[in-house]
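K.L.:
Mind looking over this structure? Questions follow.
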Amino acid sequence: MEANKITMKNNFLAEKLKTLRKRSGLTQEELAENSKLSLRTIQRLEGNETEPTGDTLRKLATALKVNQDELTDWEIIDDSSFLKTLNISALIFLLFPILGIILPAIMWFSKKNKIRNLNRVSKAIINFEITWNIILFAGIIFGLFIVQYKIQTTGVISMSHYQTRNQFFLYFIPLMYFLNILIILLNSFRIQKDLHVFYPKINFIGK
């Protein structure tokens with residue numbers, strides 16, 4: 001049983017390598033040159049005559065400009081419903097902002113390298129939620145310092161200083177929550193239409 005599973009994985013790798021090489025418009029000779037591997041190694045891999053080392057897989061993935069998982073995981077499947085659920089799970093930020101990072105991360109690791117595009121979508125969501133949390137908390141801290149700044153610049157303590165702070169919070173916080181919800185819902189639609197997700201973000205954990 002285990003031997004059959006290994007054979008299936010090796011067959012998958014051989015076919016996947018051929019497919020990706022041809023999709024990239026490369027000959028075996030060009031792939032060998034780009035990956036710094038011998039032509040014989042490429043031929044043996046595509047002929048399912050050998051099992052690659054981790055270093056070989058890394059060089060092939062780099063030369064083909066793909067994620068290494070795409071070469072090796074024969075069990076990878078398409079599951080847009082899970083991707084939509086993952087995306088919607090970020091709405092839990094409504095309960096507490098940091099949960100919008102934690103829950104998608106848990107879902108990502110539960111299916112990591114098993115679903116096509118999962119890594120890319122998960123990183124996009126988590127990077128966005130981290131970026132959003134930083135902006136939210138930075139805005140709250142800024143709002144808290146408004147009163148102190150007003151007192152220092154005017155030299156008086158006035159109710160208008162507190163009203164300025166409250167007005168800032170009244171607009172800033174709902175706007176931040178609205179944008180988060182809107183972006184999540186828009187990306188749910190994009191996933192449903194089999195389009196790439198788009199999250200404005202800083203890439204804290206890579207792309």
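K.L.:
Taking only the alpha-carbon positions of the chain and ignoring solvent, what does the Debye formula give for the base-10 log of I(q)/I(0) at q = 0.10 Å⁻¹?
P.N.:
Values returned for q = 0.10 Å⁻¹ are -0.61.
K.L.:
Which entries in the list Lys18/Lys201; Lys123/Lys193; Lys16/Lys123; Lys36/Lys112 go over 31 Å, if you measure between the two C-alpha atoms of each?
P.N.:
Long pairs (Cα-Cα over 31 Å): Lys18/Lys201.
K.L.:
Mind listing the long-range amide H neighbours of Ile115? Cut-off is under 5 Å, sequence gap 5 or more, other chains count too, H placed in the peptide plane at 1.01 Å from N.
P.N.:
Here the answer is Ile77, since their amide H atoms fall under 5 Å of that of Ile115.
K.L.:
Return one number: the angle in degrees, 0 to 90 and rounded to the nearest 10, between the long axis of the Cα atoms of helix 159-192 and the longest principal axis of the Cα atoms of the chain.
P.N.:
Compared with the principal axis, the helix lies near 20 degrees.
K.L.:
Measure nothing but the geometry: give the 0 to 90° angle between the long axis through the Cα atoms of 118-154 and the longest principal axis through the Cα atoms of the chain, rounded to 10°.
P.N.:
The angle comes out near 20 degrees.
K.L.:
Let me have the 222 nm mean residue ellipticity of the chain computed from DSSP H runs of 4+ only, each contributing -39500 (n - 2.57), with the sum over all residues rounded to the nearest 500.
P.N.:
-23500 deg cm²/dmol
K.L.:
Of the listed peptides 185-197, 115-127, what is their order by residue-averaged count of other C-beta atoms within 10 Å, with the highest listed first?
P.N.:
Ranking the peptides 185-197, 115-127 by packing returns 115-127, 185-197.
K.L.:
A further question follows. Test of understanding: express the Cα radius of gyration of the range 103-179 as a ratio to 2.2 N^0.38 Å, with N the residue count.
P.N.:
Compactness ratio reported: 1.68.
K.L.:
Classify the range 18-67: rounded, prolate or oblate, from the alpha-carbon gyration tensor (a ≥ b ≥ c, eigenvalue square roots; a/c under 1.5 rounded; otherwise prolate if a/b is larger than b/c)?
P.N.:
Numbers: a/c = 1.40, a/b = 1.15, b/c = 1.22.
Judged from the Cα gyration tensor, the range 18-67 comes out rounded (a/c under 1.5).
K.L.:
For a test of the definition: using alpha carbon positions, the gyration tensor, and the 1.5 limit on a/c, classify the range 168-207 as rounded, prolate or oblate.
P.N.:
Since a/c reaches 1.5 but b/c is at least a/b, the shape of the range 168-207 is classed as oblate.
Read-outs throughout are calculated quantities, based only on the coordinates presented, and are distinct from any laboratory measurement. Keep in mind the model is a prediction, meaning the values are calculated, not measured. For neighbour counting, all protein chains shown are included, and Cβ atoms are generated from backbone atoms with ideal geometry for every residue, glycine included.
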